[in-house]
Each structure stands twice: as C-alpha cells, then as structure tokens.
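So the structure is just underneath, and the comments pick up after that.
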Amino acid sequence: MSDDKESIEAKGEHWDFEVDTELPDSVGDDDEEITEADRLERRAGDQQWTATVGGLGGSSPTVVGGLVYLGGDSDSVYALDATTGEEEWVFETGDFVESAPSVVDGGVYVGSDDGCVYGLDAKTGSKYWAYQTGGFVESSPTVADESVYVGSGDGSVYALSAPLGNKIWATPTGGAIHSSPTVVNGTLYIGSDDGCVYALSASSGDERWTFQTDGAVRSSPTVADSTVFVGSGDGNIYAIDAKWGEKEWQHTTEDVVHSSPTVAERKLFVGGDDGTVYALDIGSGDRVWTFDTDGRVWSSPTVAGDLVFVGSNDGYLYALDIDSGRRRWMVDTGDWVDSSPTVVSETVFFVCDDGTVYALSSGVKGASIGSRVNLGTLGHHGGWTGGE
C-alpha cells in the first residue's frame, strides 16, 4: 500500500493530488509481469488535461462522439475535445448554465437560468431552436422518442419536440423544479420543491401517481428493478414502486439529500449533505457501507469497473471500492466538486466550482455503468441514445 503526494502544474497553476492505490505484489521491473489492469491502476488520478469554463461549474459533463459537453456560469454551453480539452465551440445563453446537456442523434439539449431550453447542433453549436419557460431551467433534459423532457423553476414539467422545439405538453407541480427527469417504459419520474415525486405519462403528461416526502426533492430519480430511487430534503433516501407509487423502504441520513442516486451491482450509491457517501442494498435499503468526506456531497456518483467516483465540497474527487467503500485514490482540486462525474475510455471527466474541467485517468477499464448514466440523467456517454 502506498500513500503518495505529488504536485503538477496545470494551466500555470499549482495544484496537489493525493493517490492511495494498492498495487499487486508482482509489480516490478519486469513489464511482462504487469497486467493491463495493473497499468491502469498505476496511472489512476493522473491528469490528462484541464480547461476553464467559468466559475461555479455546477453542470455535469456529457461525453459523446469524442466531445465533452457542459455548461458554465459564464452563461455558455461548451463542447471540448475529449482527448485534449481544446474548445470546439461555445454557445452563449442569457444566464448561468447549470443544466447538464443531453446529446442525442446529433442534437444537444440543455437548459439555462435565462428560462430557455435550447436545441443545438452537436458538431457546430448552431442553434436549432429555443423554448422559453417561465422560470430558470437548472433541470437537465432527457430525450426519448424525439421528445425533450425537462423541469423548470416555474414549477412545470415540459415535453418539447426534439426536432422543432415546440411544446407538446406541460404539467404543473406545486413548486420549483431543480430535479432532472428520468424516462423509463413510457413513464417520466421527477421531483419538485413541493416535496413530491411525480410519475407522469411521457406521451401526455397525465399524472400516474405522486409520492409525498417532507422536504424539497431536488435529487433526480433513478429506476432499477421496477423501483424508483430518490433522495429528499427531509434527509431520507426512498425506494418507491415504479408502477404504483407505494413506498418500499426508506433510509434515513443525517441531513438533506440533493445528490442523485445510481444503481449498479444491486447497490444504490448516493451522497448526502452530511458529507457521507452511502452504499445501500436496493432490495432492503440496508447499509452496505459508508464513506465520510469533509464536506457536503451534492455530486451524484457514477460507477466504472470496480470503482465508485464522486465529488465533495471538501474539494476532492474520490474513487471508492464498489464492494467495501475503501478509498482507492483521491484528487484534491482546491474547490468544491458539486458536478457529477462521467467515465469514458478510462478517463473520468468532472468540473469543480471554480469552473475548471478535469480529465483524469480513471484507473479502470471502460466507461460509466449504473442506472443514472445509462438512463441519461445528469450527464451521460455515447452508450445511451434516449430513454426507452
């Protein structure tokens, strides 16, 4: 076991990262004894590039077709080269962009605090259309069957035509919407500041059920095994029957839960404002493990290989063992990491709140798995092409 501190120069600034990696006993001078997995693990946390998109980077990255798409508080949407970090294009909106883009069939769909949902060309950033809602759009769109679904600060959930941008339907809730929709089998699931989780018909917007919690639901629901999983401002993580809206279990934390869960290997992973990352059994809600950070965890975890990646307001991105929760490595960015990471091609992409985009070696082969990314919620990769 090694616990090394190193420092490197990134864009002229000095920053530190700390890596805690367990290497196999066979690693030595003979390269023939080192497996591909060993090589990946030895590079875990190494910086590939950084880029700057403006301060308070709350947008989570989507990585499709060799480009990284994300928003920044410089009021713009960015497309960066996934290999180099070089800027491919920028599209300027009228306010902060905290919404994570959805990229499907050559289109980029994203919201802005100026109240608009935008449809852009994925290659050039040219605007196809803009639809004006009555409030900020921090909700991240999802796309299914040529419809763009998104929530607004005006309290409504919208379905828009992906090709044209016209409204198909709008369904009001009782509060502003920060939560992002997830669409599964023709049903849309989303939370609202009125404390409810909503299940709506994706085709008509008609209500199928609501589930009442005791706090604002800014967490974005995920769905696995016919169950909806979501956090609430009342400090609970809920499992709700996807068809009927009945509670299956709840797990109580020490503070509000704004982080959005993901499910992989029959475990649910989510962060809390109490600074803890939780791994729960999806069948019972029992705790499998927890990992404590030194700041609130608004970042939504992703899973790649045998690691769980998640950020914290203590300034670190963590890579945790999926089975035990042991810290395998971590990187100190020097600022809050509220954005949700995405892993593609052995690289983990994320943004910290000073607006710096990071591309680091993940230490594991492959891309993000888990329900959040695979359902296209809060950032995704090219393995997702629209909800089913």
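Each reported figure results from applying straightforward, stated rules to the coordinates on display, with no laboratory input. Not measured: the values here are computed from a predicted model. All Cβ positions, even for glycine, are placed from backbone atoms using ideal geometry, and neighbour counts span all protein chains on display.
Miscellaneous remarks
- Restricting attention to the chain, the count of lysine pairs at 8 or more positions apart or across chains with alpha carbons under 28 Å apart stands at 10.
- Annotation for THR210 and GLU146: the two label points, set 7 Å from Cα along the Cα-Cβ direction, are 3.3 nm apart.
- Longest to shortest principal axis, alpha-carbon extents of the stretch 208-251, angstrom: 23, 18, 17
- Net charge of Cβ neighbours under 12 Å - reference GLY65; Lys, Arg +1; Asp, Glu -1: -2
- At R0 = 35 Å, FRET efficiency that the Cβ-Cβ distance of THR252 and THR83 yields, to 0.05: 0.20
- Computed from the alpha carbon positions, the gyration tensor of the stretch 193-342 leads to an equivalent ellipsoid with semi-axes of 26, 16, 13 Å, biggest first.
- Based on Cα contacts under 8 Å between residues 6+ apart, the stretch 155-216 shows a relative contact order of 24 percent.
- Whether the stretch 268-388 is rounded, prolate or oblate, judged on the alpha carbon gyration tensor where a/c under 1.5 counts as rounded: rounded
- From the alpha carbon centroid of the stretch 254-317 to that of the stretch 95-165 is 27 Å.
- A DSSP coil position with no more than 16 other Cβ atoms inside 10 Å describes the following GluC sites (Glu not before Pro) in the stretch 204-258: GLU246, GLU254.
- Relative to its residue count, the stretch 157-208 spans a Cα convex hull of 78 Å³ per residue.
- With 20 Å bins from 0: P(r) over the chain, alpha-carbon pairs, percent: 32, 59, 10, 0
- Mean projected area of the Cα convex hull of the stretch 39-144, taken over all directions, amounts to 7.3 nm².
- Here the spin labels are modelled as points 7 Å beyond Cα on the Cα-Cβ line, and at GLU92 and LYS123 they lie 2.6 nm apart.
- Net charge of the neighbourhood of ASP274, taken over other residues with C-beta under 12 Å away and scored Lys/Arg +1, Asp/Glu -1, is -4.
- Highest-fluctuation residue, ILE322, ILE237, ILE190 considered, GNM on the chain with Cα pairs under 10 Å: ILE322
- Over the chain, relative contact order from alpha-carbon pairs under 8 Å, at least 6 apart, %: 16
- Summed residue charge, Cβ within 11 Å of THR253's Cβ, Lys/Arg positive, Asp/Glu negative: -4
- GNM result for the chain, Cα springs below 10 Å: residue of GLY272, GLY311, GLY325 fluctuating most strongly: GLY325
- Taking all Cα-Cα distances within the stretch 139-272, those exceeding 22 Å account for 29%.
- Size descriptor, Kirkwood hydrodynamic radius, that averages inverse alpha-carbon separations across the stretch 281-332, Å: 11.5
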